[in-house]
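Report on the structure given below.
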Amino acid sequence: MPDLLLELRSEEIPARMQRRAAEDLKKLVTDALVERGFLYEGAKAFATPRRLALHVAGLPARGEAVREERRGPRVGAPEAAVQGFLKSAGLASLDQATTVTDPKKGEFYLAVIERPGRETLDVLAEILPGIIKSFPWPKSMRWGAASAQPGSLRWVRPLQSIVATFGPETETPEVVPFSVDGITAGMVTSGHRFLAPAPFEVRRFDDYVQALERADVILDADRRKDIILHDARDLAFARGLDLVEDEGLLEEVAGLVERPVVLMGSFEERFLEIPAEAIRATIRANQKCFVLRKSGSDELAPAFVLVSNLIASDGGAAITAGNERVVRARLSDARFFWETDKATKLEDRLPKLDSIVFHEKLGTQGERVARIAALAKEIAPLVGADPALAERAARLAKADLVTEMVGEFPELQGLMGRKYAALQGEHPSVAAAIEEHYKPVGPSDRVPTDPVSIAVALADKLDTLVGFWAIDEKPTGSKDPYALRRAALGVIRAVIERSLRLSLASLLAGRFATEGSARTADLLAFFADRLKVYLRDQGARHDLIDAVFALPGQDDLLLVVRRVEALGAFLSTDDGKNLLAGFKRAANILRIEEKKDGRAYDEAPDAALAASGEPEERALGEALAAARHEASAAVAAEDFAGAMRALSRLRAPVDAFFEKVTVNADDPALRQNRLLLLNALRAATREVADFSRIEG
């Protein structure tokens with residue numbers, strides 16, 4: 001079957017945009033084809049610094065013919081209805097329609113619409129220009145004389161050529177006939193900008209890939225990554241060193257070169273006095289190079305690996321020397337920053353935080369630090385930390401933001417603070433907290449273990465959440481500019497993974513200047529939503545989470561998790577499943593009867609009346625009283641498994657009650673008491689969860 005080859009060649013595409021752009025191109029083209037009824041066998045997109053490419057395999061040469069029967073209005077219907085039918089069916093008059101008879105509804109008009117299958121080449125020519133013109137680049141530009149015209153092409157960088165061919169393997173493919181802003185699709189592309197700039201012709205995907213290889217372009221980004229990684233490892237091994245691998249940098253560098261050439265440079269040993277993280281940040285950020293370790297050690301080596309886009313005649317000597325000059329200059333700057341920063345204590349930097357605005361409505365960083373320090377001191381006893389150390393760590397936690405090193409490399413915030421704190425003799429827990437209070441940064445990041453770090457981390461995140469809630473800057477939809485969802489998830493992970501017992505309501509109480517209770521409740525609801533997301537990711541059932549959160553006062557996140565776990569274990573047993581079925585039956589009866597009677601059956605049943613009724617009625621009343629008392633005591637003792645065991649003993653009396661007892665008895669008093677018994681069942685289960693929220 002025929003294949004499509006599409007290449008969009010341009011000036012350099014930023015590395016961070018390439019992989020997403022390739023996936024967007026594939027989705028846009030294949031979705032448009034499928035929408036028109038053209039199915040395919042497979043599709044794969046590629047990106048290099050100068051081109052996006054797409055191969056769609058197994059397309060039909062022609063679309064299938066379509067025969068559609070469209071039913072119209074009844075014979076004799078108003079003229080407006082008839083004309084609407086003719087227009088929608090594409091008919092000139094009713095002479096082109098037929099009539100059909102429905103035994104129940106009479107005669108109707110019927111249009112039989114037949115559309116011949118369209119040539120795939122024509123469909124491609126129709127859809128590709130629109131996709132190119134509306135391509136969703138994060139940033140794009142216009143260029144040249146055409147840029148002055150409204151609606152001219154926008155592309156990430158100037159688009160230079162388009163290759164678009166379609167045809168089977170055994171025949172010469174055809175060019176898809178279209179053009180975009182004066183760029184006409186054809187079969188001609190060019191290779192590496194410097195190594196093979198001459199144009200050449202390509203026909204289909206297989207010879208396209210091979211022709212690019214001959215022209216020093218490796219189309220597949222993953223293959224470029226593999227070449228860089230293995231050549232870097234081999235080069236390091238040959239020098240007795242280990243490569244410090246960096247997936248993010250590897251992805252970026254693979255997007256900077258079409259023909260990777262791996263080289264090694266060096267710098268003076270004296271620069272190793274700088275913290276390793278600063279060396280790595282300097283070399284990575286400024287030169288996009290990898291650092292190296294001494295073999296079998298965590299100590300950095302005075303060398304780095306660079307990736308060139310050229311096969312140089314001198315073996316890369318000049319390229320390496322140029323990179324070495326820049327790296328030495330950058331490391332000299334980093335060394336100056338390091339020596340300058342060490343001369344001033346963190347505490348002496350705190351006044352500078354008063355001149356840095358955190359948020360126009362939330363004050364300065366200095367004011368924020370004061371709030372975090374007070375909150376960290378309050379949280380410390382709850383997490384087993386020394387209050388004085390927690391307060392000290394919080395006061396110093398943001399001081400490194402005004403150091404030279406962090407000013408140059410913001411990604412080193414916290415880490416440099418820890419090093420400066422250690423140098424000035426701060427307590428190890430204080431130094432650790434300065435770095436770790438930002439954690440966890442993402443789902444794969446670890447949660448702090450030191451109690452002082454936990455106290456400061458919680459204080460930092462809670463202050464952020466309270467502040468933005470107070471000024472109504474909450475996340476909306478997919479927008480979360482202040483990373484408040486991440487902050488809430490950080491609190492949740494710290495509490496659960498470190499088994500912390502905290503009442504969020506107590507910690508938040510009084511922290512809002514206005515509408516305190518309403519804002520506290522809203523923020524607690526936000527935590528509940530984030531906890532649901534976290535637990536669902538851990539495999540918990542969403543309905544069980546809802547069932548627990550439906551109970552009042554669920555602000556101890558650790559207890560919520562334990563209650564959900566116990567509820568899930570209980571409902572996986574036969575007793576749990578049968579009790580849930582009994583509860584659902586009772587709840588349905590109550591709902592129907594309460595609606596019919598216009599009242600709620602929410603009082604306690606008459607024990608004497610139950611005792612005088614059927615044996616099963618008496619047994620259920622006694623079992624409910626015992627189970628509710630036992631379950632309540634177990635919940636109070638935080639023994640949720642015990643509470644579930646207490647409820648499990650209701651299975652037999654509930655089953656027997658429904659089997660032997662008629663709820664809607666003729667005697668009104670008896671009927672009312674039996675409905676109250678069902679309400680007692682509802683109340684007993686609410687000791688552990690709202691069973692009405694549970695599916696099944």
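The values are calculated or read from the model by the stated rules, or taken from the named source; none is laboratory data. From a predicted model like this one, the values you see are computed outputs, not experimental measurements. Here the Cβ is made from the backbone with ideal geometry for all residues, glycine too, and neighbour counts use every protein chain on show. Heads up: the accessible areas ignore ligands, DNA and RNA and are worked out on the full protein's heavy atoms, side chains in. Shrake-Rupley method; radii C 1.70, N 1.55, O 1.52, S 1.80 Å.
For Glu247 and Glu12, a Förster radius of 25 Å and the Cβ-Cβ distance give a FRET efficiency of 0.65, rounded to the nearest 0.05. Packing, taken as the mean count of other beta carbons within 10 Å per residue, orders the peptides 195-205, 682-692 from highest to lowest as 682-692, 195-205.
Summary of packing: across the peptides 260-270, 88-98, the per-residue average of other C-beta atoms within 10 Å ranks them, highest first, as 260-270, 88-98. Multiplying the residue separation of Ala65 and Ser266 by 0.36 nm and subtracting their alpha-carbon distance yields 65.7 nm.
Which of the pairs Lys439/Lys479; Lys225/Lys532; Lys133/Lys474; Lys44/Lys133 have their Cα atoms more than 28 Å apart in this structure? The pairs that break the limit, which is 28 Å between Cα atoms, are Lys225/Lys532; Lys133/Lys474.
Taken about its Cα centre, the stretch 1-102 carries a charge dipole of roughly 380 debye when the Cβ of each Lys and Arg holds +1 and the Cβ of each Asp and Glu holds -1. List the residues of the stretch 657-696 whose backbone N lies under 14 Å from a point placed 7 Å from the Cα of Lys584 along the Cα-to-Cβ direction. Backbone N within reach: 691-696. Dipole magnitude for the stretch 488-596: computed about the Cα centre from +1 point charges on Lys and Arg Cβ and -1 point charges on Asp and Glu Cβ, it is near 80 debye. Measuring nothing but how far apart in sequence close Cα pairs (under 8 Å, 6+ apart) lie, relative to its length, the chain scores a relative contact order of 7 percent. Here the label points at Leu310 and Thr364, each 7 Å from Cα along the C-beta direction, are separated by 5.0 nm in the simple model.
Of the residues Ala494, Ala505, Leu523, the one whose Cα sits farthest towards the positive end of the charge dipole of the stretch 469-575 is Ala494 (charges of +1 on Lys and Arg Cβ, -1 on Asp and Glu Cβ, taken about the Cα centre). Helices in the chain that qualify as membrane-span-like (whole DSSP H runs, Cα extent of at least 18 Å along the helix axis, mean Kyte-Doolittle hydropathy of 0.5 or higher) are 120-133, 451-470, 484-497, 557-571.
Shape class of the chain from the alpha-carbon gyration tensor: oblate, with a/c at 1.5 or above and b/c at least as large as a/b.
Candidates Leu346, Ala422, Leu580 compared by Cα position along the dipole of the chain: farthest toward the positive end lies Leu346, with charges placed on Cβ. Extension gain, Ala57-Tyr482: 0.36 nm per intervening residue step, less the Cα-Cα distance, totals 148.6 nm. Extending 7 Å from Cα along the Cβ direction at Ala374 and again at Thr449 yields two label points whose distance is 3.4 nm.
Overall, the chain carries a charge dipole of about 800 debye about its Cα centre when +1 sits on the Cβ of Lys and Arg and -1 on the Cβ of Asp and Glu, all other atoms neutral. A full extension of the chain between Asp537 and Val34 corresponds to an added length of 177.8 nm, given 0.36 nm per residue minus the alpha carbon distance. Extending 7 Å from the Cα toward the beta-carbon at both Ala513 and Arg142 defines two label points whose distance is 4.7 nm.
Computed with a 1.4 Å probe over protein heavy atoms only, the accessible area of Tyr534 comes to about 30 Å².
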